[in-house]
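A.B. asks: My questions will all concern the structure given below.
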Amino acid sequence: MTVIKVEGRNLREALEKAKSEFGDGAVVISRKRSPGRVTLAVSEAAPRSPVDLLGMRQQARSLLASKVDVNHTNTAAIRRCLTQRGASPTLIQTICQNVQQQAASGAHPLDLAGAELARSFPVAKGRHEAGRTTLMAFVGASGAGKTTSLAKLAYRLVQTGRKVALVTLDVYRVGAVEQVRAMGKNVHCKTLAARDVLQLRSLLQREDRPDLILLDSTGRPDKDGEALRRLQTALREWDEPVDLQVFLVAEATMRPMALEEELQRMGPLPFAGAILTKTDETRRPAPVMEYLAKKGLGLAFLSNGRDLKEDFHRAGGDAFANLMLKGRVQ
């Protein structure tokens, strides 16, 4: 848990500052008095175990012994925001230290924090080569938002004049094919239900071959991983002008351990990045974002609702800063 230093001219002022940092859940771990000054070591929440308490006391001793105020007023709001988003102590400390180092520039601390956050999370670089078909496969747990994200992306691509086909491998789940066909109709693109990934070759051999094929998987990590590796092998054998790119669709509400298990079940795949969905359903998206960054998976898009036209945003520094500092994509 995060422990920070809070100072005031008296105990009452210091406690008020602690409450403004962490709200009513603030817990004072230790305090120190000096002439005209009271310094508190404050945690965001009560310790959950004796081990937590011991670690928090060690942090408190270190903070109160330090002559350097690591929670300078120009980073107080940043610490509070990042803590609310579930950011790790390491990320919070890194962002705040970098902001303090740039304080002399005169820029607003939140602007500096936004720039630091933009550098903390990689962005997936989309690529499409003229004359070739890009096959974008979305994988992830059932209910993660794969189908909706594909439809949102298809809508945007069609609006730019691209020839798009929406394909689903989820042909056995009740209503899945009908859902994809309805979404394809809404975004004005072709749809195909494929019982096997090898059926995709029929699309690739058409004279009006799509510029992009958006592939929806079944939501069963082991089966989807196996199918995409089979497709990757087939594409090499067919010698078709196709580039396979796999994107992990991850809910902002997920636990990193669940994502790790999911990736292990999928096995090795040519991942090009990730898509973060349901950002409107949690105040703590940081754990998943930090996990994806650690795995080297840049974010391509952020989704914050079900509206096909409005609730889908290209990932980038501004989006990351808004999500981490304001709690919303926009």
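Please treat every number below as a calculation from the coordinates, not as lab data. Since we're looking at a predicted model, the values are computed, not measured. Methodologically, a virtual Cβ is constructed for each residue, glycine included, from the backbone with ideal geometry; neighbour enumeration extends over all protein chains shown.
A.B. asks: Hey, could you pull the Cα Rg and Dmax for region 133-326, both in Å?
C.D. replies: Considering region 133-326 through its Cα atoms, Rg and Dmax are 16.0, 49 Å.
A.B. asks: Could you grab the relative contact order for the chain? Cα pairs under 8 Å, six or more apart, rounded to a whole percent. Could you put the intermediate results ahead of the total?
C.D. replies: Working: 601 pairs, mean separation 61.1, N = 330.
It rounds to 19 percent for the chain.
A.B. asks: Let me check against my output: what whole-number percent is the relative contact order of region 133-255, with C-alpha pairs under 8 Å and at least 6 apart?
C.D. replies: That works out to 45 percent.
A.B. asks: How large is the convex hull of the Cα atoms of region 48-191 per residue, expressed in Å³ as a whole number?
C.D. replies: Values: hull volume 28.7 nm³, N = 144.
That works out to 200 Å³ per residue.
A.B. asks: Further question on the same structure: In Å, the Kirkwood hydrodynamic radius of region 267-330 over pairs of distinct alpha carbons?
C.D. replies: 12.2
A.B. asks: Taking only DSSP H segments of four or more residues, each worth -39500 (n - 2.57), what value at 222 nm results for the chain once the sum is divided by all its residues, to the nearest 500 deg cm²/dmol? Please list the in-between numbers first.
C.D. replies: Numbers: 12 runs with 138 residues, N = 330.
Using -39500 (n - 2.57) per qualifying helix, the result is -13000 deg cm²/dmol.
A.B. asks: In bins 10 Å wide, starting from 0, what share of all Cα pairs of region 1-71 does each bin hold, as a percent?
C.D. replies: 23, 55, 21, 1
A.B. asks: Do any trypsin sites (Lys or Arg not before Pro) in region 115-156 lie in a DSSP loop with no more than 10 other beta carbon atoms within 10 Å, and if so, which?
C.D. replies: Working: sites: R119, K125, R127, R132, K146, K152, R156; in loops: K125, R127, R132.
Passing both the DSSP loop test and the Cβ count: K125, R127.
A.B. asks: Relative to the longest principal axis of the C-alpha atoms of the chain, give the angle of the C-alpha long axis of helix 146-159, reported between 0 and 90° and rounded to the nearest 10°.
C.D. replies: Once rounded, one gets 70 degrees.
A.B. asks: Give me the angle, in degrees from 0 to 90, between the Cα long axis of helix 50-65 and the longest principal axis of the Cα atoms of the chain, rounded to the nearest 10.
C.D. replies: 60
A.B. asks: For region 90-156, state the semi-axes of the equivalent ellipsoid (square roots of 5 times the eigenvalues of the alpha-carbon gyration tensor), sorted largest first and rounded to whole angstrom.
C.D. replies: Working: eigenvalues 277, 55, 24 Å².
The equivalent ellipsoid of region 90-156 has semi-axes of 37, 17, 11 Å.
A.B. asks: Another question, then. Two decimals, Cα atoms only, Kirkwood Rh: what is Rg/Rh over region 74-120?
C.D. replies: Numbers: Rg = 9.6 Å, Rh = 10.4 Å.
So for region 74-120, dividing Rg by the Kirkwood Rh gives 0.93.
A.B. asks: Within 10 Å of each candidate Cβ there may be at most 16 other Cβ atoms; applying that plus a DSSP loop requirement, which trypsin sites (Lys or Arg not before Pro) in region 225-330 survive? Don't skip to the end; give the middle numbers.
C.D. replies: Details: sites: R229, R230, R236, R265, K278, R283, K294, K295, R306, K309, R314, K326, R328; in loops: K278, R283, K295, R306, K309, R328.
Those that pass, being in a loop and sparsely packed, are R283, K295, R306, K309, R328.
A.B. asks: Taking region 249-313, which GluC sites (Glu not before Pro) meet the DSSP loop condition and have no more than 11 other C-beta atoms within 10 Å? Before the final figure, lay out the partial values.
C.D. replies: Values: sites: E251, E260, E261, E262, E281, E290, E310; in loops: E310.
The qualifying sites are E310.
A.B. asks: How long is the gain from Q58 to H188 if the chain were fully straight, where each residue apart is worth 0.36 nm and the alpha carbon distance is subtracted? Show your work: numbers first, answer last.
C.D. replies: Working: separation 130, 0.36 × 130 = 46.80 nm, distance 6.03 nm.
That works out to 40.8 nm of additional length.
A.B. asks: Over the Cα atoms of the chain, what Rg and Dmax result, in angstrom?
C.D. replies: Both quantities, over Cα of the chain: 24.1, 83 Å.
A.B. asks: Do the alpha carbons of any pairs in K5/K294; K125/K190; K152/K278; K152/K185; K152/K326; K163/K278 sit beyond 19 Å of each other, and which pairs?
C.D. replies: K5/K294; K125/K190; K152/K326; K163/K278
A.B. asks: I need S62, S149 ordered by Cβ neighbour count within 10 Å, fewest first. Working shown, then result.
C.D. replies: Working: S62 13, S149 24.
Listing S62, S149 from fewest to most nearby Cβ atoms yields S62, S149.
A.B. asks: What residues have an amide H closer than 5 Å to that of D243, excluding those fewer than 5 places away on the same chain, when H is modeled at 1.01 Å from N in the peptide plane?
C.D. replies: Amide H neighbours of D243, under 5 Å, 5+ apart: T133, T134, L135.
A.B. asks: Under a Cβ-Cβ cut-off of 15 Å, what is the net charge of the residues other than D224 that fall near it, where Lys and Arg count +1 and Asp and Glu count -1? Don't skip to the answer; put the middle values down first.
C.D. replies: On the way: positive: K146, R173, R195, R220, K223, R229, R230, R265; negative: D170, D196, D216, D222, E226, E261, E262.
Neighbour charge sum, excluding D224 itself: +1.
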